[in-house]
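Structure first, commentary second.
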Amino acid sequence: MTTSLLLLADTHLPVRAKRLSDDVLRAVDAADVVVHAGDWVDTATLNLLESRSRRFHGVYGNNDGPELRARLPEVARFTVEGVRFALVHETGPARKREERMEAAFPGVDVLVFGHSHIPWDTTGPGGLRLLNPGSPTDRRRQPVCTMMRAVVDGGRLDVELVPVERWQPGVRPSAPTVG
């Protein structure tokens, strides 16, 4: 069996953008599992993703208020086709992140996180894969906004970083480019 995942984080709606782009919404609709690593800011985005997702996992982030914290955990764990995932918003500084997270999440194959808005795909010395999809609404110091698509097939995880054109009112989206 093959399972597709969409990895998101740091949507910050409606602060960083007014809505998710059509690219993101199409990816939500296409994914078997939608994963969001926190910093939603509004509950409307959580409601939207939950309602459009076949299967959904999310956590709250440091910018999420009491209503989101009441609905979402700080850490989530789930399994997809035998691959063990953990989900958290913050992991601390980049320096020695892999070692710290392997110690904090024993028995996990993949840790999805957010907070920095910086895409990240590394593997720790013990085999833990760390993934940060960046942000589909706030690129910060990155050339483009991003999300990640992943596929689990027979216990193997393949990941693709996908550029996202940020939604702008009255602007018809064009094909995103990495530059």
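Computed from the coordinates by the stated procedures, all read-outs in this text should not be read as laboratory data. Here the structure is a predicted model, which means the values were calculated and not measured. For neighbour counting, all protein chains shown are included, and Cβ atoms are generated from backbone atoms with ideal geometry for every residue, glycine included.
Take the Cα atoms of the chain, find their three principal axes, and give me the spread along each one in whole Å, biggest first.
Extents along the principal axes: 48, 36, 32 Å.
To the nearest Å, what is the center-to-center distance of segment 1-72 and segment 143-158, using C-alpha atoms only?
A separation of 16 Å, based on Cα centres.
Relative to a virtual label point 7 Å from the Cα of residue 141 in the Cα→beta-carbon direction, which members of segment 1-36 show backbone nitrogen distances below 19 Å?
Within reach of a label on residue 141: 10.
Between residue 74 and residue 29, take the C-beta separation as r, use R0 = 35 Å, and let me know the FRET efficiency to the nearest 0.05. Each step should come with its number before you reach the end.
On the way: r = 28 Å, r/R0 = 0.79.
The computed FRET efficiency comes out at 0.80.
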